[in-house]
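What follows is one structure encoded as structure tokens, with my remarks underneath.
The values are calculated or read from the model by the stated rules, or taken from the named source; none is laboratory data. Treat the numbers as computed from the prediction; the structure is a model and nothing was measured. Here the Cβ is made from the backbone with ideal geometry for all residues, glycine too, and neighbour counts use every protein chain on show. These area figures cover heavy atoms from the full protein model, side chains too; ligands, DNA and RNA do not enter into them. Shrake-Rupley method; radii C 1.70, N 1.55, O 1.52, S 1.80 Å.
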Amino acid sequence: CMKACPTGALYAPLKMNPFKCVAFHTYYGEDITPLELREPMGTWMYGCDACQEACPRNRPWMRQDLPANGDLEARARDLTLRALLHMDQEHYENRVWPHFFYISRSRIDRWQMNAARAMGNTGDPAYVPDLEEALERSPHPNVRGMSAWALGRLGGTRARAILERRRGSETGLAAEEIELALAMT
């Protein structure tokens with residue numbers, strides 16, 4: 001399980017640093033994911049379970065030929081990165097939160113921030129317009145900040161132009177993230 005942990009949260013037998021754990025940061029972490037964990041967290045949005053999948057005790061269960069989860073498949077469109085980044089409170093409370101309740105009902109911004117980070121880690125420039133919209137319209141500084149980081153991670157001429165245009169419009173956390181992102185592009 002220690003080798004499977006993408007962030008090094010499991011650092012010795014029976015020892016864990018929760019402040020490096022993907023699950024902790026997707027559910028409860030600081031207002032914005034620490035810079036050094038963003039890339040290792042990849043596209044995980046809600047937990048991780050890499051340690052559980054690697055655990056020898058779980059191998060028999062993991063090898064089972066289980067049926068598809070019909071309920072989850074029916075909700076797949078509600079859980080795309082785009083849907084999560086752009087969702088409103090009603091969508092969150094009615095379509096997401098009842099099934100993924102570790103993140104507080106009042107923290108829609110955590111889901112949106114996680115979606116922005118995941119978009120940046122996909123390497124897919126098709127997400128640039130989504131991140132631009134979140135950077136310009138989100139009322140949450142952590143979502144705007146992570147959207148800026150994700151644009152910097154994706155890079156390219158359009159992403160850089162968006163960041164340059166927003167450079168003077170932001171303050172605080174979002175402004176800091178724009179500067180970090182510009183240094184990446």
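Details
One line per residue, one yes/no per condition, for (1) surrounded by fewer than 14 Cβ atoms within 10 Å (Cβ to Cβ); (2) more than 14 Å from the chain's Cα centre (by Cα); (3) modelled with pLDDT of 90 or more; (4) not basic (Lys, Arg):
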{"residue": "14", "(1), (2), (3), (4)": "yes, yes, no, yes"}
{"residue": "25", "(1), (2), (3), (4)": "no, no, no, yes"}
{"residue": "47", "(1), (2), (3), (4)": "no, no, no, yes"}
{"residue": "55", "(1), (2), (3), (4)": "no, yes, no, yes"}
{"residue": "61", "(1), (2), (3), (4)": "yes, yes, no, yes"}
{"residue": "91", "(1), (2), (3), (4)": "no, yes, yes, yes"}
{"residue": "96", "(1), (2), (3), (4)": "no, yes, yes, yes"}
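- Test: residue in region 155-177 that is within 23 Å of residue 30 (Cβ to Cβ), in contact with a Pro (Cβ under 7 Å, 6 or more places away or on another chain) and of a type in the set (A, V, I, L, M, F, W, C): yes
- Unique match (being part of a helix (DSSP H, G or I), farther than 16 Å from residue 30 by Cα and either in contact with a Cys (Cβ under 7 Å, 6 or more places away or on another chain) or free of Cβ contacts under 8 Å to residues at least 24 places away in the same chain (or both)) among 129, 139: 129
- Residue match in region 25-48 (condition: assigned to a helix (DSSP H, G or I), free of Cβ contacts under 8 Å to residues at least 60 places away in the same chain and over 15 Å from residue 146 (Cβ atoms)): no
- Residue count for region 69-79 satisfying the condition of being open to solvent by less than 70 Å² (accessible area, probe 1.4 Å) and part of a loop (DSSP other than H, G, I, E, B): 1.
- Of all residues in region 53-81, those satisfying the criterion of being out of contact with any Phe, Trp or Tyr (no Cβ under 8 Å at 6 or more places or on another chain), within 26 Å of residue 122 (Cβ to Cβ) and touching a residue at least 40 places away in the same chain (Cβ under 8 Å) are 53, 54.
- Residues in region 113-165 that are of a type in the set (Val, Ile, Thr) and open to solvent by 50 Å² or more (accessible area, probe 1.4 Å): 122, 157.
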